[in-house]
1. What does the buried accessible surface come to for A and B, summed over both chains, with the probe at 1.4 Å? Round to 100 Å².
2. Identify the trypsin sites (Lys or Arg not before Pro) of the stretch B:35-90 meeting these criteria: DSSP loop state and at most 15 other C-beta atoms within 10 Å of the C-beta.
3. Can you tell me the Rg and Dmax of chain B, counting just the alpha carbons, in angstroms?
4. For peptide A:353-361, how many partner chain Cβ atoms fall within 10 Å of a residue's Cβ, on average?
5. Summarise the accessible area of the stretch A:8-75 (1.4 Å probe, protein heavy atoms) by the percent that is carbon and sulfur.
6. How long are the three semi-axes of the equivalent ellipsoid of the stretch A:392-453, in whole Å, if each is the root of 5 times an eigenvalue of the C-alpha gyration tensor, listed from largest down?
7. Rank B:Ala265, B:Ala39, B:Ala84 by mean-square fluctuation in a GNM of chain B with C-alpha springs under 10 angstrom and give only the top-ranked residue.
8. How many Å² of accessible area per residue for the stretch A:359-453, probe 1.4 Å?
Amino acid sequence: MVDSKHQWKAWIYLAPAVVLLAVFTVWPIINTVRMAFLADYKPLEAAGGATFAFGIANFKKAFAFNAFLTCLKNTILLCVLTVPISTALALLIAVALNSIKPLQKFLQTIFFLPYVTNSIAIGMVFAAMFNIIGNTTNLYKTEYAIYARNKEEQASVFELSERDDTHYSFVGNVDDIYYYMDLTTQKDIDKCDVIADYSGRRYSGSSKAISDSNVFFSKNSNGSYKLVATTSEGIKYLNSGKESSLSALQLTSDSSKAAEIFADPVLNEDGEEIGYRLWFMQTPLKGGDAVKTYFTVEHISSIASIGIVNNLIERFGGRRVNWINASSSYAANIFVMVVYIVWNALPFKILILMGGLQSINKQYYDAAKIDGTSRRRILTRITIPLLSPMLAYVIITGFIGGFKEYTSIVGIFGDSMGPTGDPGKLQTMVGFIYDSLAGNNYGLASASALILFAIIFVVTMINLQVSKKRVHY
Amino acid sequence: MAEKNNTMHEKNLAMVTATQRVVQILVKILVYAFLIVMALIILFPFYWMINSSLKTLDEYRLNVPTFWPRKVIFANYPGAFTTANLGRLFLNTLYVGVVSTILSLVITVLSAFAFARLEFKGKNAMFAFLMATMMIPGELFTITNYSTVNTFGWIDTYVVLIVPFLVSVFYIYLLRQNFLQIPNELYLAAKVDGTSDIKYLWKVMVPLSLPTLISITILKMMGAWNSYIWPRLVTKDDAHKLVTNGLRNAFTASTGDVNYPVQMAAVAIVSFPLFLVFIFLRKYIMKGVSRSGIKG
């Protein structure tokens with residue numbers, strides 16, 4: 001039947017595909033294997049006539065690389081976590097979707113939506129959702145801006161004069177009296193008694209300095225505060241009397257003379273508490289009725305926005321987590337990646353499983369109904385066995401995709417493949433291959449690609465073996 | 001007596017069906033609740049993208065986030081368009097996408113036809129070999145291809161973005177299966193009428209397998225839109241960058257104090273064409289995807 005004329009024609013039809021496949025598919029297979037076994041192979045040097053030792057040096061080098069082992073660990077971890085989670089979730093959603101009539105098409109469309117997205121672009125959205133804006137070295141650290149005023153309407157702002165990580169100094173002037181406040185910030189000011197955690201110093205303009213003292217607020221039994229200072233001369237209390245002709249605030253060693261300080265919460269325009277205003281009654285220097293003297297301790301968080309995910313967590317009573325920012329934990333990074341990869345992997349799995357469910361013969365369910373079989377039994381004895389070919393398919397493709405994970409991490413962490421200050425922390429196998437390649441390290445890249453291929457091959461074979469035993473066709 | 005028993009039985013039965021119905025309704029409510037909650041989780045990132053892109057930076061940085069902008073502003077969109085030079089990136093991507101799709105379709109149709117209808121020596125062996133190459137991860141090809149295109153001097157050209165991926169064994173396989181379903185009698189009849197192969201291919205085979213061709217087109221275009229790794233390797237200048245690379249490069253920082261409203265606007269602009277395609281060609285995409293399992 002096969003005449004030479006047809007032969008010739010067939011090859012004409014195939015010519016473009018054959019040429020391109022030869023150059024970009026067949027040759028790469030041969031050449032990549034060849035490069036993998038030539039130590040430190042570099043094409044440019046090879047063109048220049050250099051020769052390379054044949055052997056497994058590249059493979060040895062790969063396994064000796066810390067970076068490679070990190071990539072291997074990240075890749076395997078992400079694979080092992082995301083494939084079971086996304087498969088189970090997709091199965092639940094598919095079974096649920098299959099059991100409803102109204103809204104089925106609409107919901108199915110929504111569940112498919114993540115598929116038609118750019119994994120880098122949407123990764124950036126996930127990054128925004130988990131990102132914290134501000135200094136994350138201590139997630140609960142707050143900065144304080146100290147306002148002091150002795151008349152409610154005349155606020156005099158204390159300006160920041162020095163700062164380091166835990167220490168803030170403020171200089172301010174109230175009625176020609178300079179205040180120098182030194183704050184050590186450790187705890188959240190949200191709780192009232194924490195105010196006592198700050199130590200401070202005060203200077204009066206007349207150089208009547210109380211230096212090296214620790215000033216703190218102590219809570220009175222009636223809920224008010226008193227300012228207590230421990231100085232070299234012992235414990236002193238803030239006194240609002242008029243002993244000094246210069247200073248509005250004086251320290252006294254007589255506890256009974258200590259001014260009673262009250263704290264009112266300070267609210268912003270949205271009604272959120274942003275700090276406390278402390279006030280006490282002070283007798284004016286010129287004499288007359290006592291007036292209120294205010295100190296406003298307003299906290300400005302070093303964190304501007306904790307990200308919507310943390311907002312939701314705190315809304316439900318949880319604690320904020322540094323997910324992806326500088327000095328975030330590995331577990332938090334992996335968690336974010338798992339969430340994103342599962343979100344991304346669901347649509348394909350749901351689509352395939354829905355297709356499988358819809359092709360199951362309804363008679364099985366009718367029979368089960370007549371027998372009064374329970375729902376769980378129907379799921380485990382009918383649905384899952386009959387769906388097993390599809391399940392095996394999504395699991396195998398899930399593992400293959402998982403081992404090639406790369407762009408979803410670029411989407412969230414950027415090209416640095418890790419949180420700020422820790423590049424490469426979440427680098428994967430594919431990323432390692434491309435980095436080696438970009439670094440002109442063809443031998444290492446080829447060897448790593450072969451290792452990746454071997455892993456995928458072995459895992460696929462194991463999956464196929466398992467499904468041979470478990471899958472009911 | 002018997003009658004009384006009967007009515008008792010009926011009563012019991014009625015009670016049983018009533019409780020069954022209640023349980024059924026409860027299960028239905030639970031199923032719907034689960035699906036709706038999951039759907040909201042799926043949709044949330046899209047909502048957050050749009051919500052953020054319409055805010056001012058000050059509003060975005062608020063301690064307590066607003067779930068809808070207090071003041072909707074659109075300025076982030078033109079801002080994003082110019083910051084990321086999206087116009088140029090769109091044109092590049094469109095050009096690469098359209099040219100590679102057309103060429104790829106032609107090559108795929110021709111080879112699928114050869115495999116489905118023509119006879120030649122070594123056809124089965126060759127087909128089996130091609131199918132086997134599908135198992136190999138793309139990274140393995142990329143390494144040598146990178147060296148090849150370097151040798152060809154193709155770095156920073158459109159050619160390098162188009163040519164290496166023109167042939168997809170998978171698409172050939174997909175289309176061949178489709179062609180095989182078309183009865184051979186049609187081909188033989190056309191032969192008798194003296195219709196040329198090319199004319200038969202164009203007039204009969206192509207129209208009959210249009211859904212598959214559309215699926216291939218969409219997947220190929222989505223591929224160009226979403227490709228990141230290869231363009232990043234082979235384009236160093238901005239003139240040939242594709243949209244995903246441009247997006248990531250324009251907003252290198254993904255964490256910290258980033259101008260998120262503008263970044264989210266850029267993401268929305270890049271995502272929008274995909275949604276548009278999805279809305280109009282949902283059927284073809286879902287069909288194509290369920291057969292391929294390839295993302296982009």
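The values are calculated or read from the model by the stated rules, or taken from the named source; none is laboratory data. Bear in mind the structure is a predicted one, so any value in this text is a computation, not a measurement. Reconstructed Cβ throughout: ideal geometry from the backbone, glycine too, with neighbour counts over all protein chains shown. For the accessible areas, the whole protein counts, side chains as well, though only heavy atoms, and no ligand, DNA or RNA atoms are used. Shrake-Rupley method; radii C 1.70, N 1.55, O 1.52, S 1.80 Å.
1. Values: alone 26330 and 18740 Å², together 36280 Å².
The summed interface area works out to 8800 Å².
2. Working: sites: B:Lys55, B:Arg61, B:Arg70, B:Lys71, B:Arg88; in loops: B:Lys55, B:Arg61, B:Arg70, B:Lys71.
Sites meeting the loop and neighbour criteria: B:Arg70, B:Lys71.
3. Expressed in Å, the Cα Rg and Dmax of chain B come to 27.7, 100.
4. Details: counts 0, 2, 4, 0, 0, 0, 0, 0, 0.
Mean partner shielding for this stretch: 1.
5. Numbers: 2650 of 3550 Å².
Accessible surface attributable to carbon and sulfur in the stretch A:8-75 totals 75 percent.
6. On the way: eigenvalues 91, 66, 10 Å².
Whole-Å semi-axes of the equivalent ellipsoid: 21, 18, 7.
7. Result: B:Ala39 has the largest fluctuation of those listed.
8. Numbers: 3930 Å² over 95 residues.
Solvent-accessible surface per residue comes out at 41 Å².
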